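Below is one structure, written out as C-alpha cells; the observations come after it.
The values are calculated or read from the model by the stated rules, or taken from the named source; none is laboratory data. Predicted model only: the values in this text are computed from it and were never measured. Here the Cβ positions follow ideal geometry from the backbone for every residue, glycine too, while neighbour counts run over all protein chains shown. To get the accessible areas, we keep the full protein, side chains included, count just its heavy atoms, and leave off ligands, DNA and RNA. Shrake-Rupley method; radii C 1.70, N 1.55, O 1.52, S 1.80 Å.
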Amino acid sequence: MTIQARHPHLLRLTDPPVILGHRCTSCSRVAFPPDPYGCEQCGSSCEDLEELDLEARGTVHAVATVHRHHRPYPTTPFTVAVIELSGGPVIKAIVAGSQVGVGAEVEGVLVQDLEDTEGNTLVDLQFQVVQ
Amino acid sequence: MSETNLLRDRPVYVVGIGLHQYQRRSETTYVELGITAARSALRDAGITWPDVQAAYTGTALLGMGSSRIMLSRLGATGIPMTQVENASASGSSAVAQACLEVASGRSDVVLALGVDKPRGGLGAAPGQAGIENLENGTVVPFTHFALLASEYMHLHGVTAEQVAKVAFKNHRNGASNQYAQRQKVRSMEEILAEPISGAMTRLQCCPVGEGAAAAVIASEEGIRHLDLDRSRAVRINASVTRTEALYGAGVGIDAALTAETGEAAFNQAGIEPSDVDVLEVHDAFAIEELLYAEALGLCPPGEAASLIESGEFDIGGRCALSPSGGLLAMGHPIGPTGTGQVVEVTRQLRGEAGGRQHQGARIGLTHMVGIGAVCVVHVLSRD
Ligand SMILES: [Zn+2]
C-alpha cells in the first residue's frame with residue numbers, strides 16, 4: 001500500500017500543501033491548472049510557462065452542498081466552494097464541513113480518506129476555515 | 001479586416017417549422033425522430049423535400065454520419081448534408097450554418113435539423129484534453145451552476161425561493177406545450193423538493209431526453225420561386241457565434257460570454273435589448289435564466305429575480321422569457337434544443353402559439369450556451 005496524491009501534477013504534498021500553477025514568462029499571466037499546451041492570454045507555447053507555487057489559501061466566493069453524485073467518491077453530501085487564491089487564480093475545491101460560507105478565509109489541508117481499487121491511499125486537497 | 005452584415009444585405013427567413021416531442025429515452029430511433037420533425041417542417045412551409053437544396057443536422061451524441069441514413073428516407077435527392085456539433089448549441093449552429101448558406105447565395109432553401117438520443121454520458125471532449133484539474137469528477141454542470149447561484153444570491157440578496165420561481169414559471173409555460181417533455185404545472189413546494197446541488201433541485205435542472213426540431217430556411221428568391229406564404233415567414237436579423245475569451249479572475253464566464261454574444265447580435269440586428277418581445281434562453285438550470293436575462297440587457301444586474309416574481313417575464317408581461325417552457329420544462333435533448341428555440345420563437349412571432357401566445361410579439365431572440373464554451377444567439381422578427 002502506498003500513499004499517492006489524487007492530483008499529482010497539481011499539488012505538492014508538503015505541510016502546508018502547495019498548489020502548482022503556472023506563470024507565462026512572456027505575458028506574466030498566472031493561471032491554474034498548469035497547462036501542458038500554451039498560454040491562453042498571449043499564445044506562447046508551453047516552453048514559456050514556468051511552474052509557480054501558489055499558496056493554498058484564499059477567500060470563498062460561492063459554496064454548494066452536493067446531494068447527488070454519479071461516482072462513489074466523494075460520498076454525498078459534500079460541499080464544493082469557489083475560492084479565489086491569494087495568488088490570483090480562482091479554483092473550485094471541496095471544503096471540509098458545511099459551515100464554510102461566502103466570504104470565509106480558507107486554507108488547504110491534505111485529507112487521506114480514499115482508497116483506489118488497488119488499496120492505495122489517495123491524498124486529496126480540501127479547504128477549511130483558517131484556524 | 002472588414003466585417004460584412006450578410007443577413008442585412010441578403011434577407012434570410014424561417015419559412016417552415018416542425019418538432020418531434022421531447023421525451024424520455026425510448027425505443028424510437030433517431031431516424032424516426034428526425035424525419036418526423038423534418039416532414040412536419042416541410043408541410044408547415046408548404047414545400048416538398050426535392051425543393052430543399054442542402055441540410056445541416058445539429059447533433060452531439062449520435063456518432064458519425066447520421067444525416068443521410070435519416071434524410072434519404074424523405075427521398076435520396078443527393079443534396080449536400082453536414083452534421084454540426086457544438087455541444088448544447090449544436091442545433092443553434094445548424095441554424096447558423098443554414099443562414100450562412102442561404103445568405104451567401106449558394107442555396108435558396110436549406111433544412112436545419114436538430115436530433116439526438118442520449119446514450120449515457122455526454123462524452124465531452126474537454127475532459128479528454130489532458131488538462132488535469134482539481135474539480136474533475138467533482139464539479140459536474142449542476143454544481144457549476146449551483147455555485148453561480150450561491151454567488152448570485154449572496155451578491156444580490158436573492159433567496160433560493162426567488163431563484164426557484166424561474167422553474168415555477170417555466171414549468172407552467174411548458175404545461176401548455178404539447179411538445180414539451182415536462183407538461184405539468186408544479187407548486188413551489190414540489191419545485192423546492194429533492195435537492196441536487198446547492199439551491200438547485202431536481203425540477204430546477206433540465207431533463208435530457210430525446211427529440212427533434214426542424215426549421216426550413218429560405219431566401220427572398222426561394223420564397224418567390226416556391227410561392228410561399230410571405231405572411232408566415234419570419235426574418236432572421238442576426239446570427240452570432242462566439243467562444244469563451246479571458247474575462248479576468250472571478251468573472252462568471254457564462255454570463256460574460258452571453259453578454260458579448262448578445263451585444264454583437266443586437267448590433268447586427270440594429271435593435272436594443274428592450275425591443276425584444278420573446279426570448280428562449282439556455283435555462284438548463286434555473287439560475288441561468290436570471291444570469292442571462294441580465295447579461296442580455298433585459299434589466300440591470302440583480303433585478304431579474306424580482307422581475308420574474310412580479311410577472312414581468314411571464315407570457316403577457318413586459319417580455320415573455322422561455323414561453324416554450326425552456327430547457328427546464330420543454331427539455332434539453334442536446335442536438336434539437338437550439339433549433340427548437342427557433343421553432344418556438346417563429347411560432348410566437350407568427351401569432352400561432354395558441355394558449356401560450358405572447359400577444360403582439362414582433363421581435364424574438366434565441367440563446368444557447370454549450371460546453372467548451374460556446375454561445376450562439378439569433379434575433380428574429382416579423383414585419
Ligand atoms: Zn502569456
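Excluding same-chain neighbours fewer than eight residues apart, the aspartates and glutamates reachable from B:Lys117 by a Cα-Cα span under 19 Å are B:Glu27, B:Glu32, B:Glu85, B:Glu210.
Using a Förster distance of 60 Å, how high is the FRET efficiency between B:Tyr247 and B:Arg224, based on the Cβ-Cβ distance and rounded to 0.05? Before the final figure, lay out each step's value.
Numbers: r = 45 Å, r/R0 = 0.75.
About 0.85, to the nearest 0.05.
Ranking B:Val281, B:Val251 by solvent-accessible area of protein heavy atoms (1.4 Å probe, all protein chains present), from largest to smallest, gives B:Val251, B:Val281. Taking each DSSP H run with n ≥ 4 as -39500 (n - 2.57) and averaging over every residue of the protein assembly as shown yields -7500 deg cm²/dmol at 222 nm.
List the relative contact order of the range B:185-310 as a percent without decimals, with contacts defined as Cα pairs under 8 Å and 6+ residues apart.
20 percent.
Ranking B:Cys319, B:Thr59, B:Met368 by how far each Cα lies toward the positive end of the dipole of chain B (charges on Cβ) leaves B:Thr59 at the top.
Largest mean-square fluctuation among B:Thr138, B:Thr36, B:Thr366, in a Gaussian network model of chain B whose springs join Cα atoms under 10 Å apart, belongs to B:Thr138. A cysteine counts as unpartnered when no other cysteine's C-beta lies under 4.7 Å of its own; in the protein assembly as shown this applies to A:Cys46, B:Cys99, B:Cys205, B:Cys206, B:Cys299, B:Cys319, B:Cys375.
Rounded to the nearest angstrom and listed largest first, the equivalent-ellipsoid semi-axes of chain B from its Cα gyration tensor are 31, 23, 21. Accessible surface comparison of A:Cys24, A:Cys42, probe 1.4 Å, protein chains only, largest first: the order is A:Cys42, A:Cys24. Only Cα pairs under 8 Å and 6+ residues apart enter the sum, and on that basis the relative contact order of chain B stands at 26 percent.
Calculate, for B:Glu352 and B:Thr28, the FRET efficiency according to 1/(1 + (r/R0)^6) with r their C-beta to C-beta distance and R0 25 Å; round to the nearest 0.05.
Step by step, r from the Cβ atoms, then E = 0.45.
Would you list which lysines come within 26 Å of B:Lys169, measuring only between C-alpha atoms, while excluding same-chain residues fewer than 8 positions from it? Qualifying lysines at Cα under 26 Å: B:Lys184. Share of pairwise Cα-Cα distances greater than 24 Å in the range B:65-162 is 50 percent (whole percent).
Site pair B:Asn136 and B:Thr48 shows an inter-label distance of 5.5 nm when each label is modelled 7 Å from Cα along Cα→Cβ.
To the nearest 20 debye, what is the magnitude of the charge dipole of the range B:7-123 about its Cα centre, counting +1 on the Cβ of each Lys and Arg and -1 on the Cβ of each Asp and Glu? Intermediate results must be reported in sequence, preceding the final value.
Numbers: 11 positive and 9 negative charges, 41 e Å.
With only Lys, Arg, Asp and Glu charged at Cβ, the dipole is about 200 debye.
In this label model, A:Thr121 and B:Gln183 are separated by 5.7 nm, measuring between points 7 Å along each Cα→Cβ vector.
Per-residue shielding of B:144-156, expressed as the average number of other chain Cβ atoms within 10 Å of the residue Cβ, stands at 4. In this view, the solvent-accessible surface of A:Thr117, computed with a 1.4 Å probe and all protein chains in place, comes to about 140 Å².
Each Cα pair under 8 Å and six or more residues apart adds its sequence gap; the mean of these over the residue count of the range A:3-129 is a relative contact order of 23 percent.
Which Cα, out of B:Ile217, B:Ala199, B:Val185, lies furthest along the positive dipole direction of the range B:175-254 (beta carbon charges, K/R +1, D/E -1)? Result: B:Val185.
Loop-located GluC sites (Glu not before Pro) in the range A:36-131 (DSSP state not H, G, I, E or B) with no more than 10 neighbouring Cβ atoms inside 10 Å: A:Glu118.
With the whole protein complex present, B:Arg202 retains an accessible surface near 80 Å², based on a 1.4 Å probe. Ranking of A:Asp53, B:Asp283, B:Asp314 by solvent-accessible surface, largest first: A:Asp53, B:Asp314, B:Asp283 (1.4 Å probe, protein heavy atoms only, all chains present). Model label sites at A:Val129 and A:Arg12, defined 7 Å from Cα along the beta-carbon direction, differ in position by 3.0 nm.
Under the shape rule built on the C-alpha gyration tensor, where the axes satisfy a ≥ b ≥ c, the range B:1-141 is oblate, since a/c reaches at least 1.5 while a/b does not exceed b/c.
A Cβ-based charge dipole, computed about the Cα centre of the range A:40-106 with Lys and Arg at +1 and Asp and Glu at -1, lands at about 740 debye.
Annotation: lysines with alpha-carbon distance below 23 angstrom to A:Lys92 (same-chain offsets under eight excluded): none found.
Provide a whole-number value for the mean count of partner chain Cβ atoms within 10 Å of the Cβ atoms in peptide B:259-272.
Across the residues of B:259-272, the mean count of other-chain Cβ atoms within 10 Å is 0.
For B:Arg350, the solvent-accessible surface computed with a 1.4 Å probe is close to 40 Å², ligands and nucleic acids excluded. Think of each Lys and Arg Cβ as +1 and each Asp and Glu Cβ as -1; about the Cα centre, that makes the dipole of the range A:3-129 roughly 440 debye.
Annotation: average projected area of chain A is 9.0 square nanometres, based on the convex hull of Cα atoms across all directions.
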